[in-house]
Structures are given as C-alpha cells and as structure tokens.
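> The structure under discussion is supplied below as structure tokens; questions concerning it will follow.
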Amino acid sequence: GNSVTQMEGPVTLSEEAFLTINCTYTATGYPSLFWYVQYPGEGLQLLLKATKADDKGSNKGFEATYRKETTSFHLEKGSVQVSDSAVYFCALRPGNTDKLIFGTGTRLQVFP
Amino acid sequence: DAGITQSPRHKVTETGTPVTLRCHQTENHRYMYWYRQDPGHGLRLIHYSYGVKDTDKGEVSDGYSVSRSKTEDFLLTLESATSSQTSVYFCAISVSGGEKLFFGSGTQLSVL
C-alpha cells in the first residue's frame, strides 16, 4: 500500500544549525511528494513539492529532493531560525488518486 | 487566507450524541477533504469529495458520514459520537485532487 514514514521528534536545534528531517515512502506508481508545515494553532500549509524523480522542491530556504532509488524525500535547511519552530509533515499523492497521505509529523524546536 | 471556514472551532459533547461539523469555502474549489489529527498518527483522511454529491471514503471513515449538497459546503457527521473520536478535525480544499491543499484552522472536538 501507500504510506509515509517520518523520523520521530522532537528535533531540537540551536538557531543557525543545519536541519534534516528524514522522510521515506512506499507507493505504487509514480507519486508526487510534499512537505507541509503546521505552526502552533493553525492548519497545515504547503511548504514545497516535487512531482517526479530527481526534482528538487524549495521554498523559504528549505529544500527536498525526490529520490526514487532510495524512496526518500528528506527536508533540509542550511540555517534554521526560531521562527521555523513548527510541526513538519511529509506527504505523498499516489499517481492514480485524488488523495493526500500524510506521515505522522516531526516537531522542530529551535532555540536562540 | 484560502477562504475556508470551519465551524464550530471548539465543541464538547457527550458519548452517543450526533455531531455535525461544517466546512465552508469561498474559492469554488472542486475537491474538499476531512482529516483528523491525533498524536502519533499525524493526519488521517476520513472522507473527501470531488464534486457536489460525489464523495468517497478515506482510511478512517467508520463512524463518520459526509454530505456535499453545494460546492461551498462539506459537512462531516458523527452519527453517535464516541470517546475515540475526540480529535482535531481539519477541512481542506484543492483545485486539483491531492495537489496543493489549503487547510482550515481546525475544530477541536472533545467527546466525554
């Protein structure tokens, strides 16, 4: 079946540290991959996406590369800020459906 | 702001009572979704709609029903609420199924 696996949180970093949040997936066909972010008390919002193998999605200094050979879509940022503190969700859209399947989320806490 | 309103924002109810949550959009998007968010489970799809009177089940649809009689409104009903349905419920809309989703602010439901 289709599923997304994310690393357990929370991830705790100091400001300006490098961030990696791991995401791997299982899917039939050719899925699209997404990262969504949820700030406290809000709904999710799209952070970035990639629709085919080797595509790199990027936004607000975050980036992730669609790796078909390792079925991964890891989120990275070179220098995190306190304002990046949030919950990050990896998600996939199987190629033949209208549904979005989410991982369990990873909480990021950035301290000054 | 993607023009999504969820109501109520908070609700406390008793086991066995019916509950209806409303999602209203002003964007005229075709696709609408109901998710629930629980610790350790991330977001799980309950039901979704791909047009007026066109709905389909998600992965956790038992105990829930939906209706969409107008493009702008998508109702989620708990026929007989149980404590396991205590959760935060998010509505989302999309222009094209499963692609960029816009989320509402959520409804916190407590079933006592």
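The values are calculated or read from the model by the stated rules, or taken from the named source; none is laboratory data. Keep in mind the model is a prediction, meaning the values are calculated, not measured. Cβ sites come from the backbone with ideal geometry, for glycine too, and all protein chains shown count toward neighbours.
Per-residue answers, yes or no, for (1) crowded, with 18+ Cβ neighbours inside 10 Å; (2) of a type outside the set (A, V, I, L, M):
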| residue | (1), (2) |
| --- | --- |
| B:SER7 | no, yes |
| B:ASN28 | no, yes |
| B:TRP34 | yes, yes |
| B:HIS41 | no, yes |
| B:ARG68 | yes, yes |
| B:THR71 | no, yes |
| B:LEU78 | yes, no |
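> For residues in the stretch A:16-43 being under 16 Å from A:LYS77 (Cα atoms) and hydrophobic (A, V, I, L, M, F, W, C), which is surrounded by the most Cβ atoms within 10 Å (Cβ to Cβ)?
Of everything passing the filter in the stretch A:16-43, A:PHE34 is surrounded by the most Cβ atoms within 10 Å (Cβ to Cβ).
> Considering only the stretch B:32-56, how many residues are away from chain A (no Cβ under 11 Å) and part of a loop (DSSP other than H, G, I, E, B)?
Counting residues in the stretch B:32-56 that are away from chain A (no Cβ under 11 Å) and part of a loop (DSSP other than H, G, I, E, B) gives 2.
Residues are listed down the side, and each one gets a yes or a no for (1) touching a Gly at 6+ places or on another chain (Cβ under 6 Å); (2) not β-branched (Val, Ile, Thr):
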residue: B:GLN6; (1), (2): yes, yes
residue: B:THR17; (1), (2): no, no
residue: B:THR26; (1), (2): yes, no
residue: B:ARG36; (1), (2): no, yes
residue: B:GLY40; (1), (2): no, yes
residue: B:LEU43; (1), (2): no, yes
residue: B:SER65; (1), (2): no, yes
residue: B:ARG68; (1), (2): no, yes
residue: B:ASP73; (1), (2): no, yes
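> Residues of the stretch A:81-109 being farther than 14 Å from B:ARG44 by Cβ, within 15 Å of the chain's Cα centre (by Cα) and not in a strand (DSSP E or B), which ones?
A:ASP84, A:SER85
> Still on this structure: Restricting the first residue to the stretch B:30-43 and requiring it to be farther than 11 Å from A:GLY103 by Cβ, which pairs with a second residue that is in a strand (DSSP E or B) and of a type in the set (Lys, Arg) meet a Cβ separation below 7 Å and a spacing of at least six or different chains?
So the pair list comes out as B:MET32/B:ARG68; B:TYR35/B:ARG44; B:ARG36/B:ARG44.
> Restricting the search to the stretch A:66-80, which residues are in a loop (DSSP other than H, G, I, E, B) and over 18 Å from A:PRO31 (Cβ atoms)?
A:GLY78, A:SER79, A:VAL80
> Have a look at B:SER80, B:SER65, B:SER69 and point out the one that is out of contact with any strand residue (DSSP E or B) (no Cβ under 6 Å at 6 or more places or on another chain), assigned to a strand (DSSP E or B) and more than 14 Å from chain A (Cβ to nearest Cβ).
B:SER69
> I want to confirm something. Restricting to the stretch B:84-102 and keeping residues that are surrounded by fewer than 22 Cβ atoms within 10 Å (Cβ to Cβ) and among the hydrophobic types (A, V, I, L, M, F, W, C), which single residue is farthest from the chain's Cα centre (by Cα)?
Filtering first and then ranking leaves B:VAL95.
> If you don't mind, there's one more thing I want to ask. Only residues in the stretch B:66-91 that are at pLDDT 95 or above count as the first member; pair them with residues that are part of a helix (DSSP H, G or I) and surrounded by 14 or more Cβ atoms within 10 Å (Cβ to Cβ), Cβ under 6 angstrom, at least 6 apart or cross-chain, and list the lot.
Correct list of pairs: B:LEU78/B:GLN85.
> Now for a different question. Those residues that are surrounded by 14 or more Cβ atoms within 10 Å (Cβ to Cβ) and part of a strand (DSSP E or B), I need them from the stretch A:44-57; list them, please.
Listed by number, the residues that qualify are A:LEU44, A:GLN45, A:LEU46, A:LEU47, A:LEU48, A:LYS49, A:ALA50, A:GLY57.
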